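Novice: I have a structure I would like to understand better, so I am pasting it below and will then ask my questions one at a time.
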Amino acid sequence: MMRACLVPEFGDPEVMTIGEAPRPYIANSDTLVRVKAAGVNPIDSKTRAGKGTAPFIDRMPWIPGGEFAGVVEQAPYELAPFQPGDEVFGMVLTPHYSGAYAEYVSTPFMSLARKPRSLDWASAGATPLAALTAWAGVVEAGRVYSGQRILIHAGAGGVGHFAVQLAHFYGAHVIATASERNLDFLRELGADEVIDYRSQRFEDAISGPVDVVLDLIGNVKDRTGTRSLKALRDGGLVINVPTGSWPEMHEEAAAENRDLRASSLKLSPEGRILTTIAQLIDQGDLVTHLDASFPLEEAVDAHLLLDEGRTRGKLALEL
Ligand SMILES: NC(=O)c1ccc[n+]([C@@H]2O[C@H](COP(=O)([O-])OP(=O)(O)OC[C@H]3O[C@@H](n4cnc5c(N)ncnc54)[C@H](OP(=O)(O)O)[C@@H]3O)[C@@H](O)[C@H]2O)c1
């Protein structure tokens, strides 16, 4: 058995308790990792509340947590890439990116990479899910390259702060939105223009049309998705990351009659990309900003803070 944060029934943060759960087994290419820290993400909270991936959870109690850093306890075979004692970070794949708020996780080694040497455990554990999502948006779906202009909503949050840095690293002109208290933070990350979404309408404040909008808000707040269409150049692309928050996006993009493209986005938990991300971190081109870290026993406090929606960078739980 192992110590874990348990959700016996979906509900408010207070439903979470610390208890015992069966230690995960390893099969096929799974690697067993002793968790040092787990990242805290909005999908953990959405699912805990009965939304997110809750409809697909078929067994309670459920253990939240899609990302972690830790030490390999058991490898699937002698020559597997990660061996006992190796320090790794990565994602848990089943069921639906959960299980990392626990002493042990089991995950295929294709979703692991060596932990960046320059990060402490909490920062490393809070990196994979948000950094891989930012990579999927900026590099894979957005195909952002030097000279392009990108608008990133919620640039100060978990995904956003990695996206601002990646777009800057690849030479784009980066415009990012946040509230006033985070504008200097955005500039430090490499944003060329910053917009306080509370005092200005971003579509009026930007210096000119953009090639790509990475929308980490969607239409759940202030019709951010719909209004983003106004910020795009003809033929531009809007990427909706909180998928499902803007079901009409294709119709609305087509109705502009400017060849606008709209796409949702799902992160891909690939260890090989995570290896590149670790290199960028260790060479100083990508920084994980840890807003706060809590002991596992204080997971309720971490979720209460997360649910305020004001996180600068990331939150973590330490074991
Ligand atoms: N599709 C996928 O695979 C995938 C993967 C990861 C995440 N997601 C989703 O993407 C979304 C973002 O995730 P996250 O981890 O980055 O969230 P997060 O860290 O909780 O975001 C918090 C940030 O949002 C900013 N914010 C709040 N309202 C805003 C607004 N109206 N305009 C601009 N910024 C605003 C806050 O800045 P201020 O404090 O300055 O207001 C804060 O820094 C979530 O819905 C998450 O579930 C999807």
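The values are calculated or read from the model by the stated rules, or taken from the named source; none is laboratory data. Since we're looking at a predicted model, the values are computed, not measured. For neighbour counting, all protein chains shown are included, and Cβ atoms are generated from backbone atoms with ideal geometry for every residue, glycine included.
Novice: Does residue 138 meet the test of being surrounded by 24 or more Cβ atoms within 10 Å (Cβ to Cβ), hydrophobic (A, V, I, L, M, F, W, C), at pLDDT 95 or above and closer than 11 Å to residue 269 by Cβ?
Specialist: For residue 138, the condition - surrounded by 24 or more Cβ atoms within 10 Å (Cβ to Cβ), hydrophobic (A, V, I, L, M, F, W, C), at pLDDT 95 or above and closer than 11 Å to residue 269 by Cβ - is not met.
Novice: Taking segment 193-220 as the search range and keeping residues that are part of a loop (DSSP other than H, G, I, E, B) and free of Cβ contacts under 8 Å to residues at least 24 places away in the same chain, which one is nearest to the chain's Cα centre (by Cα)?
Specialist: Here the residue is 198.
Novice: A follow-up question, please. Please go through segment 222-238 and pick out each residue that is over 21 Å from the mean Cα position of the chain (by Cα) and assigned to a strand (DSSP E or B).
Specialist: 232, 233, 234, 235, 236
Novice: Moving on to the next point. For segment 239-255, does any single residue satisfy the condition of being in a helix (DSSP H, G or I) and under 20 Å from the mean Cα position of the chain (by Cα)?
Specialist: No, that holds for no residue.
Novice: Working only within segment 209-222, note down all residues that are farther than 20 Å from residue 143 by Cβ and more than 10 Å from the ligand (Cβ to nearest atom).
Specialist: 219
Novice: Then there's this: If you check every pair at least six apart or on different chains, which have Cβ atoms under 8 Å apart with a residue in segment 249-276 that is under 30 Å from residue 110 (Cβ atoms) first and a residue that is modelled with pLDDT under 95 and outside any helix (DSSP H, G or I) second?
Specialist: Within 8 Å, the pairs are 264/243; 264/244; 265/243; 266/243; 269/93; 269/97.
Novice: Search segment 167-207 for residues being small (Gly, Ala, Ser) and near the ligand (Cβ under 9 Å from one of its atoms), and hand back the single one that is surrounded by the most Cβ atoms within 10 Å (Cβ to Cβ).
Specialist: 176
Novice: Next up: Taking the conditions exactly as written (at pLDDT 95 or above and closer than 29 Å to residue 172 by Cβ), does residue 149 satisfy them or not?
Specialist: It is true that residue 149 is at pLDDT 95 or above and closer than 29 Å to residue 172 by Cβ.
Novice: Then there's this: Could you please tell me which pairs satisfy a Cβ distance under 8 Å, a separation of 6+ or placement on different chains, a first residue in segment 122-151 that is on the phi > 0 side of the Ramachandran plot, and a second residue that is of a type outside the set (A, V, I, L, M, F, W, C)?
Specialist: Matching pairs, first to second residue: 147/171; 147/173.
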